[in-house]
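Worksheet for the structure shown next.
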Amino acid sequence: QVQLVESGGGLVQAGGSLRLSCAASGRTISDYVVGWFRQTPGKERKFVVGINRSGNTVSYTDSVKGRFTISRDNAKNAVYLQMNSLKPEDTAVYYCAAGWEGYGRLIDVTYDYWGQGTQVTVSS
């Protein structure tokens, strides 16, 4: 099975940018659909964006459209999340997750493998 490790989180001012990385090991990430999720204290984990195996299909939650960009580099066994124009409401722990590709929407994929998360804090 695949192991996932996120990195790139940190503290940034509103309007700033961060790039999160999700590095895979144990199995090639190209075998999986990959999603980014985020969670704030006391709230459920929410889907942010997903990308299919080939990278030609992506799906963003409305609140990040036009600001966040997901990409994958299967040769480097990694997936990235470029976050621009960050807002305080983007503050959360961000998780990457991997699942098997099906025929439905990326948000509906069963993501079986999860990283440990990376904290993103956006100050106003």
Please sort 80-87, 105-112, 92-99, 40-47 by packing, taking for each peptide the average over its residues of neighbouring beta carbons within 10 angstrom, highest first. 92-99, 80-87, 105-112, 40-47
Computed lengthening from Ser85 to Lys43, 0.36 nm per intervening residue step minus Cα-Cα distance: 12.8 nm
Give me the Å³ per residue figure for the convex hull around the C-alpha atoms of region 11-74. 123 Å³
Once neighbouring chains are kept in place and the probe is 1.4 Å, which whole percent of the accessible area of region 1-100 is contributed by carbon and sulfur? 46 percent
Can you tally the net charge around Tyr80? Count Lys and Arg as +1, Asp and Glu as -1, for every other residue whose Cβ sits under 15 Å from the Cβ of Tyr80. +2
Among 1-10, 113-122, the order from most to least packed when residues are scored by Cβ within 10 Å on average: 113-122, 1-10
Fully extended contour minus Cα-Cα distance, from Gln1 to Gln116, at 0.36 nm per residue: 39.8 nm
Computed over the chain, protein heavy atoms only, probe 1.4 angstrom, the accessible area per residue in square angstrom equals 51 Å²
Cut-off 14 Å, label 7 Å out along Cα→Cβ of Arg27, residues of region 89-124 by amide N: 97-102, 110-115
With a ≥ b ≥ c from the Cα gyration tensor eigenvalues, square-rooted, and the rule rounded for a/c under 1.5, otherwise prolate when a/b > b/c and oblate otherwise, the chain is prolate
If each of Ser123 and Ser71 carries a label point 7 Å out from its Cα toward its Cβ, how far apart are those two points in nm? 2.9 nm
If you take every residue apart from Val120 with its C-beta less than 15 Å away from the C-beta of Val120, what net charge results, scoring Lys and Arg +1 and Asp and Glu -1? +4
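The values are calculated or read from the model by the stated rules, or taken from the named source; none is laboratory data. The structure presented is a predicted model; accordingly, all values stated were derived computationally and were not measured. Reconstructed Cβ throughout: ideal geometry from the backbone, glycine too, with neighbour counts over all protein chains shown. For accessibility, only protein heavy atoms count, side chains too; no ligands or nucleic acids. Shrake-Rupley method; radii C 1.70, N 1.55, O 1.52, S 1.80 Å.
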